[in-house]
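Undergrad: The structure's right below; bear with me while I get my questions together.
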Amino acid sequence: MKRVDLTYLDLIDRILSQGFKKPVFGQDNLFRYSLIGQSMHMSLKLEFPLLTTKRVNWKWAIAEMLWFIQGTGDIRYLIEKNITIWDSWAEKYYGKANWKELVMTGFEDPCLPLHYTSITNWKESGVSVDQSQWVIDYLPKAPERNSYVVSLWSPSTVYNMADTTGLEPVLLPACHFSHQLLAQDNKLSMVVNIRSNDMPLGNPFNVAQYAALTHMYAMCMNNASGTNFEPDR
């Protein structure tokens, strides 16, 4: 069993034994166990944190992260790869069962308004910032700084996603809403903040995605600046 499996199973055990039961928003007949303020720590030097105690479609996980960092929300990217992760949300957004056909034939806007795309496409007050590129450009120049934070949360728009009737929102505000890059002795680490995490379904995806993103950051910085950063944790 891999270290990431032990970390994952330990957190599952804590949630089940210490968590409190609460209804799922907008679905009073469904409940979940919730435990606030938990964390997972893992080393990227020893292994890639892909669970073996639970099946994880890592190709879909990495493809979804690549979709996020394109910065457009163009769902045709997922349709062409037969990835169905966002299908239920897209159908709610378009309000049509045949939304895929309409999107692929150009009759509907193919871009979902997702906060996840602000990784590389942050727009605020008319200013557009590629947050990931900023990290890649400046972290090698000043690795001692602790301000390399990528935010997916815009208070000016994120709350408008919620349905004011109290029902489930058509599009979710970002669950994994920020990440921070930290460097020391040519070791690159990432801290990911998640407001709400579906442990059986979303968490294994997110762990693999952000481990891969840490490797991507290191690779891009090394190629661009001639540095030698290695993913650490």
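Undergrad: How about region 211-233: which of its residues are surrounded by fewer than 20 Cβ atoms within 10 Å (Cβ to Cβ) and either in contact with a Pro (Cβ under 8 Å, 6 or more places away or on another chain) or within 22 Å of Asp10 (Cα to Cα) (or both)?
TA: His215, Ala224, Ser225, Thr227, Asp232, Arg233
Undergrad: Okay, next question. Among the listed residues Asn186, Asn193, Asn121, identify the single one that is in contact (Cβ under 8 Å) with a residue 40 or more places away in the chain and more than 18 Å from Thr72 (Cα to Cα). I'd like the intermediate steps shown before the answer.
TA: Values: Asn193 fails: in contact (Cβ under 8 Å) with a residue 40 or more places away in the chain; Asn121 fails: more than 18 Å from Thr72 (Cα to Cα).
Just a single option satisfies the conditions, and that option is Asn186.
Undergrad: May I pose another question? Out of curiosity, is Tyr148 surrounded by 15 or more Cβ atoms within 10 Å (Cβ to Cβ), of a type in the set (Ser, Thr, Tyr), under 23 Å from Leu66 (Cβ atoms) and at pLDDT 95 or above? Give the steps one after another, and end with the answer.
TA: Working: surrounded by 15 or more Cβ atoms within 10 Å (Cβ to Cβ): yes; of a type in the set (Ser, Thr, Tyr): yes; under 23 Å from Leu66 (Cβ atoms): yes; at pLDDT 95 or above: yes.
It is true that Tyr148 is surrounded by 15 or more Cβ atoms within 10 Å (Cβ to Cβ), of a type in the set (Ser, Thr, Tyr), under 23 Å from Leu66 (Cβ atoms) and at pLDDT 95 or above.
Undergrad: Condition first: among the small types (Gly, Ala, Ser) and either open to solvent by 50 Å² or more (accessible area, probe 1.4 Å) or assigned to a strand (DSSP E or B) (or both). Now tell me which residues in region 93-127 satisfy that.
TA: Of everything in region 93-127, those that are among the small types (Gly, Ala, Ser) and either open to solvent by 50 Å² or more (accessible area, probe 1.4 Å) or assigned to a strand (DSSP E or B) (or both) turn out to be Gly95, Ala97, Gly106, Ser125, Gly126.
Undergrad: Follow-up. Tell me which residues, restricted to region 33-82, are part of a loop (DSSP other than H, G, I, E, B) and buried (at least 19 other Cβ atoms within 10 Å of the Cβ). Spell out the reasoning first.
TA: Here is the first cut: in region 33-82, the residues part of a loop (DSSP other than H, G, I, E, B) are 35-57, 71-73, 75, 81-82.
Answer for region 33-82, where residues must be part of a loop (DSSP other than H, G, I, E, B) and buried (at least 19 other Cβ atoms within 10 Å of the Cβ): Leu44, Pro49, Leu51, Gly71, Gly73, Ile75.
Undergrad: Sticking with this one: Checking the conditions here, which among Pro204, Pro200 is touching a residue at least 40 places away in the same chain (Cβ under 8 Å), surrounded by fewer than 16 Cβ atoms within 10 Å (Cβ to Cβ) and either β-branched (Val, Ile, Thr) or within 17 Å of Val56 (Cβ to Cβ) (or both)?
TA: Values: Pro204 fails: surrounded by fewer than 16 Cβ atoms within 10 Å (Cβ to Cβ).
Sole residue among the options that is touching a residue at least 40 places away in the same chain (Cβ under 8 Å), surrounded by fewer than 16 Cβ atoms within 10 Å (Cβ to Cβ) and either β-branched (Val, Ile, Thr) or within 17 Å of Val56 (Cβ to Cβ) (or both): Pro200.
Undergrad: Just to be sure before I move on: is Leu6 free of Cβ contacts under 8 Å to residues at least 24 places away in the same chain and hydrophobic (A, V, I, L, M, F, W, C) in the structure I sent?
TA: Numbers: free of Cβ contacts under 8 Å to residues at least 24 places away in the same chain: yes; hydrophobic (A, V, I, L, M, F, W, C): yes.
So Leu6 passes the test.
The values are calculated or read from the model by the stated rules, or taken from the named source; none is laboratory data. As the structure is a computational prediction, the values presented were derived from the model and not from experiment. Neighbour counts are summed over all protein chains in view; Cβ atoms, including those assigned to glycine, are modelled from backbone coordinates with ideal geometry. When the accessible area is computed, the model is the full protein with side chains, heavy atoms only, and any ligands, DNA or RNA have been set aside. Shrake-Rupley method; radii C 1.70, N 1.55, O 1.52, S 1.80 Å.
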